[in-house]
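Written out below as C-alpha cells is the structure these notes cover.
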Amino acid sequence: ATAEAASADTATTEAVTASYVTFFDGTTPAATRAGVVENGENFLPALEGMATDPQASATAATVEGVTVADDGTATVSWTLLMNGAPVLPDQSGEAIEEDGTWKVSAATFCALLAIQGDGSAVPGC
C-alpha cells in the first residue's frame, strides 16, 4: 500500500516550516533543536557540538513546499543557507509527525551530516 500525497494544508505547512527553520537555525539552542528533530535525544550530543562551531551557527533554512502523505510523513522542499546565501538549494527532505508535532526526520538530518561531515559515525544515524 502506498500513501496518498497531497499539498499540505496551511497549518501543516506552517508547522513543518517552523520545525525546519528552528532546527536548521544555527543559533537555536541544542536542546530546542533536539525537540524538533525525530529521535532528538539521540542527536543532542552532535547538536551540542555544532553549537560551538562558528560555521554551523551561520546556517539557516527556507522551506519552499510541503507535501503530506496520509501516513504522518511529509516531503519537504527546502534550501540550506550559510550567512544568508544558498549553499544547498532545492533539497528534498522529510518531516514526520510525532505525538502531534511535525519534526525534521532523522534521515534528513543524517543525510545532511553525511554530506558535511568528516565521515565519522554520528550517534543516532
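Counting DSSP beta bridges in the chain, what percent are antiparallel, to the nearest 5?
About 95 percent, rounded to the nearest 5.
Counting heavy atoms of the protein chains only and a 1.4 Å probe, report the per residue accessible area for the chain as a whole number of Å². Numbers along the way, then the final one.
Numbers: 6530 Å² over 125 residues.
About 52 Å² of surface per residue is accessible.
For helix 40-50, what angle does its Cα long axis make with the longest principal axis of the chain, in degrees from 0 to 90 and rounded to 10?
Relative to the chain, helix 40-50 is tipped by roughly 40 degrees.
How many percent of the accessible area of the range 4-125 is carbon or sulfur, using a 1.4 Å probe?
Answer for the range 4-125 is 52 percent, counting heavy atoms of protein chains only.
Convex hull over the alpha-carbon atoms of the range 40-114: what's its volume per residue in Å³?
That works out to 98 Å³ per residue.
Roughly how many debye, to the nearest 20, is the charge dipole of the chain about its Cα centre, given +1 on each Lys and Arg Cβ, -1 on each Asp and Glu Cβ, and no other charges?
Computed charge dipole of the chain: roughly 400 debye.
With a 1.4 Å probe and every protein chain left in place, tell me how much accessible area V16 has, in Å² to the nearest 10.
0
List the residues, sorted by chain then number, that are 5 or more residues from L88 or on another chain and whose placed amide H is less than 5 Å from its amide H.
Hits under the 5 Å cutoff: L80.
So what's the back-of-envelope 222 nm ellipticity for the chain, counting only DSSP H runs of four-plus at -39500 (n - 2.57) apiece and dividing by all residues, rounded to 500?
Helix-only estimate at 222 nm: -10000 deg cm²/dmol.
Spin-label point model (7 Å from Cα, Cβ direction): what's the E64 to V87 distance in nm?
1.9
Based on alpha-carbon positions alone, could you give the equivalent ellipsoid semi-axes of the chain from the gyration tensor, as √(5λ), descending, whole Å?
So the three semi-axes of the chain are 23, 16, 13 Å.
The values are calculated or read from the model by the stated rules, or taken from the named source; none is laboratory data. All figures in this text were calculated on a predicted structure; none of them were measured in a lab. All Cβ positions, glycine included, derive from the backbone under ideal geometry; neighbour counts span all protein chains shown. Just the protein is used for accessible areas: all its heavy atoms, side chains included, with ligands, DNA and RNA removed. Shrake-Rupley method; radii C 1.70, N 1.55, O 1.52, S 1.80 Å.
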